[in-house]
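The values are calculated or read from the model by the stated rules, or taken from the named source; none is laboratory data. These numbers were taken from a predicted model, which means no experiment stands behind them. Cβ sites come from the backbone with ideal geometry, for glycine too, and all protein chains shown count toward neighbours. In case anyone asks, the SASA skips ligands and DNA or RNA and just uses the protein heavy atoms, side chains included. Shrake-Rupley method; radii C 1.70, N 1.55, O 1.52, S 1.80 Å.
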Amino acid sequence: MARTRVWLVLCAALALVGCNGDSPATPDGPRLDRGARDGLVSGEAARDLAPGGDGPIAAADGPGAKQDGVVVKKDGVVVKQDGVVVKKDGVAKPDSGKLDSGPPPPPPPTTCTAPIALADTTGSQVIGSGSAASCTAAALAAAVAKGGKITFNCGAGPATITLGATLVVPPKVETVIDGAGKVTLDGGGAVRILEMVNPNYRVNQTKLVLQRLTFQNGKAPASGYVAPSPTNPKCAYGYKEGSGGAVYVRDAVLHVIDCVFKNNQAASPGPDVGGGAIYVLGSLGATIVGSTFSGNQGSNGGAVGLLQTTGTFVNSTFENSKATGVGQNYAGATGCPGVGHPEQGGAGGNGGAISIDGADDLEQSFCGVTFKGNTANELGGCVFRTANGQQRKATFLRSTLDGNQAGNGGGCLYISNSDLTISQCLVANNTVTAGSGGGVRTELNTKATIVNTTFYGNVSTKGLMGALSHPGSGEIRNCTFAKNRSDGGPAYFTAALGPAGPVTVYNTIFLDNLTKDPWNPQACWFQPKSGANNFQWPQKRSDGKTDDTACVNGIAWADAKLGPLAANGGPTLSMLPQGGSPVIGAGASCPNVDQRGQPRSTTTCAAGAVEP
């Protein structure tokens, strides 16, 4: 029996290669030739856990992993069967035509200070003469071709302009298009709505400003389809071109303010294509403020794809977007011709809402952003971020990451080779159906600083680390891990935090993080972390008899007595310590505010994300 349990543990740690001997995938490095490539190079092959002491040895996610019906194989080709990417002759194919996700959610709340404001439109070209009928696609196309400031006079009510061809913005003319909250640009499920292309790489400072507009039913033109290999199912397949269903920008500066993007599509499948609504490559920056993305999809980055572009996302909402490709994107598929480059494997599926690749960008920052109901067939239900070569910053502040899902790692966030900060956030109810990190998964020496953040109700269905998979360095301080789960039964364990790694933990609560495996650590990993002033409960594993492994050396075994996840002030839900809680006043060297933004004493505070 003991030998059987050891093999089950190894199978769980090797979950994404299925204990079948597949070799690890090699990360796909940056291959953008100074503006010569139009592709989303998405794909750190998922190397799961670092070896740790007497614990299981973790291996890589293999291409074409199949788990729980999320990704399945037929005739050696990976396909997805969920009504979005549909099976035809054993090959993943995109849906066609218009989508319908219903009305968009209300405008996002103003949580953070916006780095940009509405552009001045004085002296603009005006489309229309006072009626909706007067606002024609031809008139708009003629104005956009000139560039400059563009506004609309389409009457008092809303107006929709349906396009039969893509609007082309001149790459060297500052352009502002302002819909005043009344104008919808509709691609009819047939055309990309707008593009601005400069044939260079990260030099053009010309701005394209899109403000107070709705973009719907855009569809990127797909081309360069490579069929699956009949002899090697690991070879990349799908479309080479087809990114940016609504907006495509190359080598410019994009500002998006108070816009709505719904039901737009990039091509799928394909290892590099992405950005169902927006795709920006080789550009100095893309800043998105006060905008809502709903029901968009693409092979990678269901809503937004960035390649070698600094991204700033503020006070925006991403809902119900999908990364519909399969098999990820990785190098090292020997003998394969590839889609974007030789020896390429996979056909996408990374970044349910946003997929970001490259190392020439400076930082990816998110403040006051809500991710809800987004899905990725592979990695990162909300955001997939890999920095190739040089480590880059990724920052999430005062944001809500709730109810998202990934197939093979990082139910909400998959962050690779980055300096990651998560502060004053809620990471809740996210799921990974296979692999690790129901809430967040990091890889490739990512350093993580996680402060004043609640991880609640995240689940790894058939894998490890229900809340946070972080094998790297950094610090976790004043966080709450509550009611996270690893649900697969024997050999599926660690509901809150793992695996082995040098991250330190202070003033943090681990409460009711549960598994169905009494033989392995329930809340955390085989080796306790270093730190101080932490609390853990329950003390027993699922059999009610076996002592659980401590999450941190010297941890206090006590019920933190927290209230339910609720609106307790501030931009995100939280769990307040109740009267008589042992965590009150137990923390030291504290942040100066809590998750809600309420002041804390920096010398003595409550353990966990919030003060009572």
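How do Ser223, Ser423, Ser486 stack up against each other in accessible area, from largest to smallest, with a 1.4 angstrom probe?
Sorted descending by solvent-accessible area, the residues read Ser223, Ser423, Ser486.
For the range 400-408, take each phi angle, set θ = phi - 60°, evaluate the Karplus expression 6.51 cos²θ - 1.76 cosθ + 1.60, and give the result in whole Hz per residue in order, putting x for glycine and proline.
Once rounded to whole Hz, the list reads 10, 10, 9, x, 10, 8, 10, x, 10.
Could you put Arg477, Arg212 in order of accessible surface area, largest first, with the 1.4 Å probe and the full protein assembly present?
Largest accessible area first, the list is Arg212, Arg477.
Roughly how big is the range 173-320's charge dipole about its Cα centre, with Cβ charges of +1 (Lys, Arg) and -1 (Asp, Glu), in debye to the nearest 20?
160
In terms of modelled amide H atoms, which long-range or inter-chain residues lie less than 5 Å from the amide H of Gly327?
Correct list: Gly64, Ala347.
With a 10 Å radius around each residue's Cβ, average the other Cβ atoms per peptide and rank 355-365, 560-570, highest first. Kindly include the intermediate steps, with their values, before the conclusion.
Details: 355-365: 23.7, 560-570: 16.6.
Highest to lowest by the protection proxy: 355-365, 560-570.
Rounded, prolate or oblate: which fits the range 220-373 when a ≥ b ≥ c are the square roots of the eigenvalues of the alpha-carbon gyration tensor, with rounded for a/c under 1.5 and prolate only if a/b beats b/c?
In terms of gyration-tensor shape, prolate.
Search the structure for amide H atoms under 5 Å from the amide H of Leu167, placed 1.01 Å from N in the peptide plane, and list their residues when 5 or more places away or on another chain.
Leu194, Glu195
When the chain is fully extended, how far beyond the present Cα-Cα distance does Ser131 get from Val173, taking 0.36 nm per residue of separation?
Extra length from Ser131 to Val173 when fully extended: 12.3 nm.
May I ask you to give the average projected area over all directions of the convex hull of the Cα atoms of the range 476-577, in nm² rounded to one decimal? Don't skip to the answer; put the middle values down first.
On the way: hull surface 25.9 nm².
Average of the hull's projected areas for the range 476-577 equals 6.5 nm².
Taking the Cβ of Gly489 as the center, what net charge do the other residues with Cβ under 11 Å away carry, scoring Lys and Arg +1 and Asp and Glu -1?
Taking every Cβ under 11 Å from that of Gly489, the sum is 0.
Just add up the charged neighbours of Asp361: K/R +1, D/E -1, any other residue whose Cβ is under 12 Å from the Cβ of Asp361.
Neighbourhood net charge equals +1.
Which shape class applies to the range 172-229: rounded if a/c is under 1.5, otherwise prolate when a/b exceeds b/c and oblate if not, where a ≥ b ≥ c are the square roots of the Cα gyration tensor eigenvalues?
oblate
Using a 1.4 angstrom probe and counting only protein chains, how large is the accessible area of His341 in Å², to 10?
It works out to around 10 Å².
Going by average Cβ neighbours within 10 Å, how do the peptides 432-441, 245-254 rank, with the highest at the top?
Going from most to least packed, we get 432-441, 245-254.
Just order 388-399, 129-140, 487-498, 576-587 by mean Cβ neighbour count inside 10 Å, highest at the front, would you?
Ranking the peptides 388-399, 129-140, 487-498, 576-587 by packing returns 487-498, 388-399, 576-587, 129-140.
With a cut-off of 20 Å, note down the residues of the range 341-358 whose backbone N falls inside the zone around a label point 7 Å from the Cα of Gln390 toward its beta carbon.
356-358
Put +1 on the Cβ of every Lys and Arg and -1 on every Asp and Glu Cβ in the range 303-430; which of Ser418, Cys367, Gly380 then has its Cα farthest towards the positive end of the dipole?
Of the listed residues, the answer is Cys367.
For Ala117 and Thr604, calculate 0.36 nm times their separation in residues minus their Cα-Cα distance, and state this gained length in nm to one decimal.
171.4 nm is the gain from fully extending Ala117 to Thr604.
Between Ala138 and Ser473, what is 0.36 nm times their sequence separation minus the Cα-Cα distance? Round to one decimal in nm.
Gain on extension, Ala138 to Ser473, equals 115.0 nm.
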